[in-house]
Amino acid sequence: MGELGESAFKILFTEEQIKNKIVEIGMQITKDYKRENLTVIGILKGAFIFVADLIRQIHLPVAVDFIAVSSYGSATQSSGEVKIIKDLDISVKGRNLLLVEDIVDTGLTLKYLLENLKSRDPASIKTCVLLDKPQARKVEVPINYRGFTIDNVFVVGYGLDYDQKYR
Ligand code: IMP
């Protein structure tokens, strides 16, 4: 199965709802990190649009880097296996990290990356996710900033893909 039929699409959140939510999260992050250094780490590919919009709502001299992991391949089921395909360019030692993810499903990706990044000796590490699917969770992960909680349905758009398409 390579394509989703047009009829499969249903709008979950409007552009305006997403924009308003990101303004809200950005304000909170700006407040929380006012006196701290902050490095945003986007998880590729899914988070690239969210990160681009989010950092413009964080009114601080924020550093940005990306890490890419393999997750779903072409299926809609998580293999549970996480592998870093592209590592960070910068050293995160002593820095306050905000790990930004498009969606938390099983939680395996976030858990793996949290442990991996913690081993690099950052000053602190928090998470920010646009969408949370709590019903699909296999491992518990801390979510510090959350956009929306959704049912256990497969979603596309705003960076999220199906078989690399519909982002
Ligand atoms: P987890 O490791 O199972 O939490 O999955 C995280 C990753 O799976 C996300 O970063 C997405 O790339 C992908 N993913 C999970 N659910 C969806 C979905 O509904 N649509 C598109 N991608 C998803």
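The values are calculated or read from the model by the stated rules, or taken from the named source; none is laboratory data. As the structure is a prediction and not an experimental result, all values here were calculated from the model. Reconstructed Cβ throughout: ideal geometry from the backbone, glycine too, with neighbour counts over all protein chains shown.
Here are the numbers:
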item: Test: residue in the stretch 120-140 that is surrounded by 15 or more Cβ atoms within 10 Å (Cβ to Cβ), touching a residue at least 12 places away in the same chain (Cβ under 8 Å), more than 9 Å from the ligand (Cβ to nearest atom) and small (Gly, Ala, Ser); result: no
item: Condition met for TYR145 (within 29 Å of PHE9 (Cα to Cα), away from the ligand (no atom under 11 Å from the Cβ) and of a type in the set (Phe, Trp, Tyr)); result: yes
item: First in the stretch 81-103 and more than 13 Å from the ligand (Cβ to nearest atom), second anywhere and of a type in the set (S, T, N, Q) and part of a loop (DSSP other than H, G, I, E, B), Cβ under 9 Å, 6 or more apart; result: GLY94/ASN37; ARG95/ASN37; ASN96/ASN37; LEU98/ASN144
item: Test: residue in the stretch 155-166 that is within 22 Å of ASN20 (Cβ to Cβ), within 11 Å of the ligand (Cβ to nearest atom) and outside any loop (DSSP other than H, G, I, E, B); result: yes
item: Number of the condition not met by ARG35 [criteria: (1) more than 19 Å from the chain's Cα centre (by Cα); (2) modelled with pLDDT of 95 or more]; result: (2)
item: Test result for GLY107, out of contact with any strand residue (DSSP E or B) (no Cβ under 7 Å at 6 or more places or on another chain) and within 21 Å of ILE25 (Cβ to Cβ); result: yes
